[in-house]
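Working notes, structure below.
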Amino acid sequence: MKIVLSFFQSSLGKKCVMAITGLALFAFVIGHMLGNLQIFLGRDQINAYAVFLKSKPAMLWTARIGLLIMVILHIVSAVQLARMNQAARPVPYGNQKVAAASYASRTMLMSGLIIFAFVIYHLLHFTLAVPEVNLLAASNDFPNANFLELKDAQGRQDVYQMMVRGYSNPLVAGFYVLAMALLCLHLSHGVSSMFQSIGLKNKRFGGLIDRFAIISAILIFIGNCSIPIAILFGYGK
């Protein structure tokens, strides 16, 4: 037991925790994006998808709690690792080669904390539908600003209209795009570091892994941002 605790208290152990939790969160980001992109298949498709998820409450809440634990472990490990690195080198090098490190790698902790703040807002906005964060009052176009009361023709919760209304506010859509930019900046370095932490990144595959990280981050950015941008330009209205 002491050996296990000592391992997880070490910098290597914290890197492994970050790699494992990062992999789980990376998979969730992709799955969440693919689910949201069903909005382009029409109201019936994405509303049916939402009904399917809610019909499996045990699976849904297990995933939610598991993701929350993963996020907490990921952030705590990152903060602890940053403190350990700072304590190991309290005096900066006289000739720092900042250019050798990418901007993404130098802002990992900050971007991660901002993304965490966005996740909280996103949950308040869509999952809990808190009116105060909606920023969309009732109007002629949207007579009911309460997301939870939106129903489609079959009596299902109208997730399609929730997304259309939610991203119709330019401030909300802009914040979402900004958060996705930070998320993908984070992923462009984090995915590569994940493979390095678990020992799968070497000279032979290092370049391929780096390209995979960058390309996947770009695709995630395009996929997620296509929704609010399309809505701002009139999709679904």
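Can you find even one residue in the stretch 18-34 that is over 18 Å from the mean Cα position of the chain (by Cα) and polar (S, T, N, Q)?
Applying the first criterion (over 18 Å from the mean Cα position of the chain (by Cα)) to the stretch 18-34 yields none.
No, the stretch 18-34 has no match at all.
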(Q) Looking at Arg211 and the list (1) closer than 22 Å to His125 by Cα; (2) among the charged types (D, E, K, R); (3) surrounded by fewer than 17 Cβ atoms within 10 Å (Cβ to Cβ), which single condition is not satisfied? (A) (1)
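Take the conditions within 27 Å of Ile20 (Cα to Cα), of a type in the set (D, E, K, R) and modelled with pLDDT of 85 or more and apply them to Lys56. Does it pass?
Numbers: within 27 Å of Ile20 (Cα to Cα): yes; of a type in the set (D, E, K, R): yes; modelled with pLDDT of 85 or more: yes.
Considered against the rule, which asks whether it is within 27 Å of Ile20 (Cα to Cα), of a type in the set (D, E, K, R) and modelled with pLDDT of 85 or more, Lys56 comes out as yes.
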Q. Can you name the residue in the stretch 45-57 that is in contact with a Lys or Arg (Cβ under 9 Å, 6 or more places away or on another chain) and open to solvent by 30 Å² or more (accessible area, probe 1.4 Å) and is also farthest from Ile231 (Cα to Cα) among such residues?
A. Val51
Q. Given the conditions (1) crowded, with 17+ Cβ neighbours inside 10 Å; (2) within 22 Å of the chain's Cα centre (by Cα); (3) under 28 Å from Gly42 (Cα atoms), and given that Ala230 satisfies all but one, which numbered condition is not satisfied?
A. (1)
Q: For the stretch 195-237, name all the residues that are under 25 Å from Ala173 (Cβ atoms) and among the charged types (D, E, K, R).
A: Lys237
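A quick yes/no check of all residues on (1) at pLDDT 95 or above; (2) of a type in the set (S, T, N, Q); (3) surrounded by fewer than 14 Cβ atoms within 10 Å (Cβ to Cβ); (4) on the phi > 0 side of the Ramachandran plot:
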{"residue": "Leu12", "(1), (2), (3), (4)": "no, no, yes, no"}
{"residue": "Val17", "(1), (2), (3), (4)": "no, no, no, no"}
{"residue": "Phe28", "(1), (2), (3), (4)": "no, no, no, no"}
{"residue": "Leu34", "(1), (2), (3), (4)": "yes, no, yes, no"}
Q. Taking the stretch 180-237 as the region of interest, how many residues are in a loop (DSSP other than H, G, I, E, B) and touching a Leu at 6+ places or on another chain (Cβ under 9 Å)?
A. 1
Q: With the checklist (1) under 13 Å from Met33 (Cβ atoms); (2) surrounded by 14 or more Cβ atoms within 10 Å (Cβ to Cβ) in hand, flag the one item Ile222 doesn't pass.
A: (2)
**Q.** the stretch 183-204 residues that are modelled with pLDDT under 80, paired with ones that are open to solvent by 50 Å² or more (accessible area, probe 1.4 Å) and not acidic (Asp, Glu) (beta carbon under 6 Å, 6 or more apart)
**A.** Ser197/Lys15; Lys201/Phe195
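Does any residue of the stretch 180-196 turn out to be of a type outside the set (Lys, Arg) and open to solvent by 60 Å² or more (accessible area, probe 1.4 Å)? Before you say what the answer is, go through the steps one by one.
Keep residues of the stretch 180-196 that are of a type outside the set (Lys, Arg), which gives 180-196.
Filter again for open to solvent by 60 Å² or more (accessible area, probe 1.4 Å), leaving 196.
So far as the stretch 180-196 goes, yes, one or more of its residues are of a type outside the set (Lys, Arg) and open to solvent by 60 Å² or more (accessible area, probe 1.4 Å).
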Q: Read through the list (1) within 30 Å of Phe233 (Cα to Cα); (2) over 16 Å from the mean Cα position of the chain (by Cα), then give the number of the only condition that Lys15 fails.
A: (1)
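The values are calculated or read from the model by the stated rules, or taken from the named source; none is laboratory data. Source: prediction; values computed, not measured. Reconstructed Cβ throughout: ideal geometry from the backbone, glycine too, with neighbour counts over all protein chains shown. Areas reflect the complete protein model, heavy atoms only, side chains present, ligands, DNA and RNA absent. Shrake-Rupley method; radii C 1.70, N 1.55, O 1.52, S 1.80 Å.
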